[in-house]
Amino acid sequence: MEVTTAIKDEARRQLAAEGAAKLSLRAVARELGMVSSALYRYFPSRDDLLTALIIDAYDSLGDAAETAHAAVAGAAPARRWVVVCEAVRGWALAHPHEYALIYGSPVPGYAAPDTTIPPAARVALVLIGILREAFERRGLARTPVPAELAPEARRMSDELMPGLPPEVAVAMAAAWAQLFGLVGFELFGQFKGVVEERDRFFRHAAAQLAHGVGLVFP
């Protein structure tokens, strides 16, 4: 376990310095004073190491979202939504290179395996849980979807967000993309010279996302 941790820690240092595309098992082994053959016993390929780093990043982000949500468990759904969104942003600002690994440019030649899907879904599941509880207890404001989108809306609801109306499932998918778009724009510099009061801006934007999915502030 200690060796595995050391390998991943050095790999993260390389991510910060060189980016994921240049991650090298040989370079990691060299920095740790290991021969490459010894490192291969822990991670047979670069892709195996990347997958471990990706899962760790998703799990760390999921922990942040779930911990933030638990801390405001008694609050109104819209308030909990905003707190979770702010936790996502806070984690990204504190871990920019890990955020770039999971939400930045794809790594050439790498295809993430299915094992990354459950940890990747953790933030979405927290937000979906807030919506499901609000719908069951208080109801949600709903915006009808166009007729041509109705079959896809039903599929999304049935397969991905059971218990939520189709139109809410569509709104949730859009809000999920917008949340990470907002975070990515800030982290990767697109807000430079555009948004200066970023804490206040993000809080307002997260509240607008809450309205968009049908949550109402008390």
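The values are calculated or read from the model by the stated rules, or taken from the named source; none is laboratory data. Note that this is a predicted model, so its numbers are computed, not measured. Note that each Cβ is placed from the backbone with ideal geometry, even for glycine, and that neighbours are counted across all protein chains shown. We work out accessible area using only protein heavy atoms, side chains counted, and drop any ligands, DNA or RNA first. Shrake-Rupley method; radii C 1.70, N 1.55, O 1.52, S 1.80 Å.
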If you find the alpha carbon centre of the range 30-44 and of the range 111-129, how far apart are they in angstrom?
30 Å
Calculated on alpha-carbon atoms, Rg and Dmax of the range 1-131 in Å
16.7, 55
Percent of accessible area on the chain owned by carbon and sulfur, 1.4 Å probe?
56 percent
Heavy-atom accessible area per residue, the range 51-92, 1.4 Å probe: how many Å²?
31 Å²
Within the chain, helix-based [θ] at 222 nm, where runs of 4 or more DSSP H residues each add -39,500 (n - 2.57), nearest 500
-22000 deg cm²/dmol
About its Cα centre, the chain carries a charge dipole, from +1 on Lys and Arg Cβ atoms and -1 on Asp and Glu Cβ atoms, whose size in debye to the nearest 20 is 260 debye
For the chain, what relative contact order do you get, as a whole percent, if you take Cα pairs closer than 8 Å and at least 6 residues apart?
23 percent
Averaging over every viewing direction, what projected area does the convex hull of the Cα atoms of the range 83-185 cover, in nm²?
8.0 nm²
Just to be sure I understand the rule: take each whole DSSP H helix in the chain, project its Cα atoms onto its long axis, keep it if the span is 18 Å or more and its mean Kyte-Doolittle hydropathy is at least -1.0. Which ones pass?
2-18, 46-71, 77-94, 122-137, 166-187, 198-212
Might you tell me the accessible area per residue for the range 134-203, computed with a 1.4 Å probe and given in Å²?
63 Å²
